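Worksheet for the structure shown next.
The numbers here are math on the coordinates, done by the rules we state, and not lab data. In this text the structure is predicted, and so the values were computed from the model without any measurement. Cβ atoms come from the backbone with ideal geometry, glycine included; neighbour counts cover every protein chain shown.
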């Protein structure tokens, strides 16, 4: 009797610690509350309200917002990586601009009109490929 294994499903879903809040969200909100407490001790009440509100809003966005099913901090990292990449992609950097301009100006060679007729093989290509796969690559159809 073959062994039966339980295949885990929903592996991309985060574990909830209480209610709908995940451990990541809870840690982000706790860090923002700690940061707000530090702001409360360092600044006057007006500055605390202004900066504390900004910190709580940013922490809420990072903790709870998902864009296309991706958490916000991964989305922000992807945006930064995309902006950091070069906009112009050059395939062959070894050629100079003058060499590239000369290459573009060259006339393409005329297409060949000679038609080579292939001879019909006794076995089909599919049968040859099947033999190669079944023998693990030992059979070589060219031989």
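Per-structure values
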{"read-out": "Residue 17 outside any helix (DSSP H, G or I) and either surrounded by 11 or more Cβ atoms within 10 Å (Cβ to Cβ) or touching a helix residue (DSSP H, G or I) at 6+ places or on another chain (Cβ under 9 Å) (or both)", "value": "yes"}
{"read-out": "Members of segment 70-98 found to be over 30 Å from residue 29 (Cβ atoms) and surrounded by 10 or more Cβ atoms within 10 Å (Cβ to Cβ), listed by number", "value": "95"}
{"read-out": "Any hit, segment 1-13, residues being within 27 Å of residue 74 (Cα to Cα) and surrounded by 10 or more Cβ atoms within 10 Å (Cβ to Cβ)", "value": "no"}
{"read-out": "Matching helices (runs of 4 or more DSSP H) fully within segment 24-143 where at least 1 residues are under 30 Å from residue 10 (Cα atoms) and within 39 Å of the chain's Cα centre (by Cα)", "value": "45-64, 72-84"}
